[in-house]
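Taking it in order: structure first as structure tokens, then the write-up.
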């Protein structure tokens with residue numbers, strides 16, 4: 001089975017604001033789908049967390065290496081792409097694009113074998129997992145309304161991130177967290193993402209340590225991106241001192257980048273994003289390395305339905321997995337597939353068991369999001 005064509009599908013019209021100071025408009029393109037075609041008619045779909053223009057540029061570099069390659073060997077093929085573009089890739093848009101290709105090739109492999117990707121990744125440890133609804137912080141009244149909406153849709157865990165948390169003063173930060181806890185009660189898990197990968201992040205270890213102490217008073221499940229993403233020494237100290245678990249890792253690419261974070265126990269929870277860090281092939285290796293070092297892996301996913309499906313397959317195949325991220329509300333998750341994801345009464349998502357990623361693109365629905 002040979003690869004014959006890759007269709008690049010930038011998504012526009014329903015882009016969710018990512019929290020950056022300049023904001024994001026719905027018409028902006030932050031996510032791109034890749035549909036990989038084969039000579040036997042089987043197609044696979046992947047998701048890339050970057051713009052279509054950057055994916056186009058990367059594919060110009062990658063396509064001569066990918067043309068007529070096997071559609072049934074995702075790890076070998078994407079490692080070939082990675083090794084062959086070392087001087088122009090090794091991260092950034094090239095690695096992001098390889099990530100989407102890798103997800104699509106696993107989808108093809110699963111469909112060709114008649115098996116869910118999770119089984120091909122090693123086997124199913126679980127058939128459902130808890131999603132956490134991922135939202136941005138807001139002013140207290142607006143935050144309260146957002147949280148009530150997320151809870152009404154069945155989520156039993158919610159992560160709040162970025163502005164205005166950490167952008168004013170400590171009293172306001174605590175007001176936001178107290179508002180959240182009072183709104184959802186004690187039974188809903190809450191996570192806090194400071195958004196330390198924002199440009200020119202102003203806070204250091206002292207701020208993060210004192211903020212972690214405050215979060216502990218409200219039973220916060222974890223504290224994410226409390227420091228800039230290159231401050232591994234700060235994370236090591238913070239993880240040692242924090243009364244709540246510390247997490248980061250969404251901006252890292254390639255499995256090798258995760259090694260020092262795991263080996264040096266810089267975090268309690270490592271968060272690779274398979275739509276940018278190399279795909280399912282790299283994420284599987286990162287997850288097992290984390291497991292061997294007793295670090296929890298929770299996939300990062302500011303995502304599309306394809307990214308969620310990939311995260312679910314990966315979570316099924318890991319010995320210890322507790323959550324998947326679920327951006328909400330998001331039309332790129334809820335309006336792209338023939339069958340929607342459904343949260344059960346316990347607040348869990350069933351992991352699809354159909355061949356491949358277990359979902360199918362609805363091309364009629366996709367039309368309104370295509371450029």
Practice problem: Look at residue 215 and say whether it is in a helix (DSSP H, G or I) and crowded, with 19+ Cβ neighbours inside 10 Å. | Solution: yes
Quiz item: Can residue 34 be described as under 16 Å from residue 303 (Cβ atoms) and not assigned by TED's automatic domain parsing to the domain that holds residue 306?
Solution: yes
Exercise. Find the residue count for the range 37-50, including only residues that are out of contact with any helix residue (DSSP H, G or I) (no Cβ under 8 Å at 6 or more places or on another chain) and either closer than 19 Å to residue 300 by Cα or buried (at least 20 other Cβ atoms within 10 Å of the Cβ) (or both).
Key: 0
Quiz prompt | Tally, over the range 1-42, of residues that are assigned to a strand (DSSP E or B) and farther than 15 Å from residue 105 by Cα | solution = 5
Quiz item: Listed residues 54, 81, 61; which is touching a residue at least 40 places away in the same chain (Cβ under 8 Å) and not in a loop (DSSP other than H, G, I, E, B)?
Solution: 54
Exercise. Kindly indicate the residue of the range 297-306 that is in contact with a helix residue (DSSP H, G or I) (Cβ under 8 Å, 6 or more places away or on another chain) and at pLDDT 95 or above and also nearest to residue 287 (Cα to Cα) among those meeting that condition.
Key: 297
Quiz item: Checking residue 234 against (1) in a loop (DSSP other than H, G, I, E, B); (2) within 25 Å of residue 91 (Cβ to Cβ); (3) in contact with a helix residue (DSSP H, G or I) (Cβ under 9 Å, 6 or more places away or on another chain), which single condition isn't satisfied?
Solution: (1)
Quiz prompt | Test result for residue 56, buried (at least 16 other Cβ atoms within 10 Å of the Cβ), at pLDDT 95 or above and either more than 30 Å from residue 167 (Cα to Cα) or in the same structural domain as residue 251 (by TED's automatic domain parsing) (or both) | solution = no
Practice problem: Scan the range 84-117 for residues that are farther than 23 Å from residue 272 by Cβ and either in contact (Cβ under 8 Å) with a residue 40 or more places away in the chain or in the same structural domain as residue 311 (by TED's automatic domain parsing) (or both) and jot them down. | Solution: 111, 112, 113, 114, 115
Quiz item: Does residue 189 satisfy the condition of being surrounded by fewer than 16 Cβ atoms within 10 Å (Cβ to Cβ) and either closer than 22 Å to residue 269 by Cα or in contact with a helix residue (DSSP H, G or I) (Cβ under 8 Å, 6 or more places away or on another chain) (or both)?
Solution: no
Practice problem: Would you check which residues across the range 159-174 are over 22 Å from residue 132 (Cα atoms) and touching a helix residue (DSSP H, G or I) at 6+ places or on another chain (Cβ under 8 Å) and list them? | Solution: 170
Quiz prompt | Subset of the range 83-103 (residues that are surrounded by 24 or more Cβ atoms within 10 Å (Cβ to Cβ) and closer than 26 Å to residue 291 by Cβ) | solution = 95, 96, 98, 99, 100, 101, 102, 103
Quiz item: Among the numbered criteria (1) modelled with pLDDT under 95; (2) at negative phi, which single criterion is violated by residue 221?
Solution: (1)
Exercise. Using the structure shown, decide if residue 315 is within 19 Å of residue 224 (Cβ to Cβ) and either under 12 Å from the mean Cα position of the chain (by Cα) or modelled with pLDDT of 95 or more (or both).
Key: yes
Exercise. Spot the failing condition for residue 146; the list is (1) surrounded by fewer than 18 Cβ atoms within 10 Å (Cβ to Cβ); (2) free of Cβ contacts under 8 Å to residues at least 24 places away in the same chain, and only one is missed.
Key: (1)
Quiz item: Is it true that residue 47 is within 23 Å of residue 258 (Cβ to Cβ), assigned to a helix (DSSP H, G or I) and in contact with a strand residue (DSSP E or B) (Cβ under 9 Å, 6 or more places away or on another chain)?
Solution: no
Quiz prompt | Residue list for the range 64-76, restricted to those being free of Cβ contacts under 8 Å to residues at least 60 places away in the same chain and touching a strand residue (DSSP E or B) at 6+ places or on another chain (Cβ under 9 Å) | solution = 76
Quiz item: Taking the stated definitions as given, is residue 116 surrounded by fewer than 20 Cβ atoms within 10 Å (Cβ to Cβ), more than 19 Å from residue 256 (Cβ to Cβ) and either at pLDDT 95 or above or within 19 Å of the chain's Cα centre (by Cα) (or both)?
Solution: no
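The values are calculated or read from the model by the stated rules, or taken from the named source; none is laboratory data. Predicted, not measured: the structure shown is a model, and the values here were computed from it. Virtual Cβ from ideal backbone geometry, glycine too; neighbours counted across all protein chains shown.
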